[in-house]
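Contents: one structure, followed by commentary.
The values are calculated or read from the model by the stated rules, or taken from the named source; none is laboratory data. These numbers come from a predicted model, not from an experiment. Glycine gets a Cβ as well: all are built from the backbone with ideal geometry, and neighbour counts include every protein chain shown.
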Amino acid sequence: MSPTGSRTSTRGLIRGARWRKLGPLDRLEPDCRTCAHYFVTYEPTHPHGCRAFDFKSQLWPARVVTQSSGEACHAHEARPAPKGAR
C-alpha cells in the first residue's frame, strides 16, 4: 500500500496519455475529456455525449462503451490543439 493509503499503482499506464483505472482487473479506459468525439450536452439527465457512437449518457462515454462491449473504447482520438496555442 502506498503512503497515501491508495492501493492503485501506475503499472501499465502510458506516460503522457490520460487513462483511468476501471477496477480490480486494472483494465484501462481512455479519458473522454481529451477525445475529439466527446461533447457536453447541457442536459441534466444526460450530460455527456459521444459523436463517434452517436449517444448521450449520464456516465462518461468510454465507460458506457466498456460496459456494453467489454472492451476499451477504440474510437478515442486526441483532441486537436486550439489554434494559436503554444
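Mind listing whichever residues of segment 69-85 are in a loop (DSSP other than H, G, I, E, B) and of a type in the set (G, A, S)?
Taking segment 69-85 and keeping what is in a loop (DSSP other than H, G, I, E, B), we get 70-77, 79-85.
Scanning segment 69-85 gives G70, A72, A75, A81, G84, A85.
Would you check if there is a residue in segment 9-27 being modelled with pLDDT of 90 or more, farther than 11 Å from H76 by Cβ, of a type in the set (K, R) and not in a loop (DSSP other than H, G, I, E, B)?
Within segment 9-27, none of the residues are modelled with pLDDT of 90 or more, farther than 11 Å from H76 by Cβ, of a type in the set (K, R) and not in a loop (DSSP other than H, G, I, E, B).
Please enumerate the residues belonging to segment 43-68 that are touching a strand residue (DSSP E or B) at 6+ places or on another chain (Cβ under 9 Å) and outside any loop (DSSP other than H, G, I, E, B).
H48, G49, C50, F55, K56, S57, P61, A62, R63, V64, V65, T66, listed by residue number.
Please indicate, with yes or no, whether at least one residue in segment 43-51 is charged (D, E, K, R), modelled with pLDDT of 90 or more and surrounded by fewer than 14 Cβ atoms within 10 Å (Cβ to Cβ).
Yes, because at least one residue in segment 43-51 is charged (D, E, K, R), modelled with pLDDT of 90 or more and surrounded by fewer than 14 Cβ atoms within 10 Å (Cβ to Cβ).
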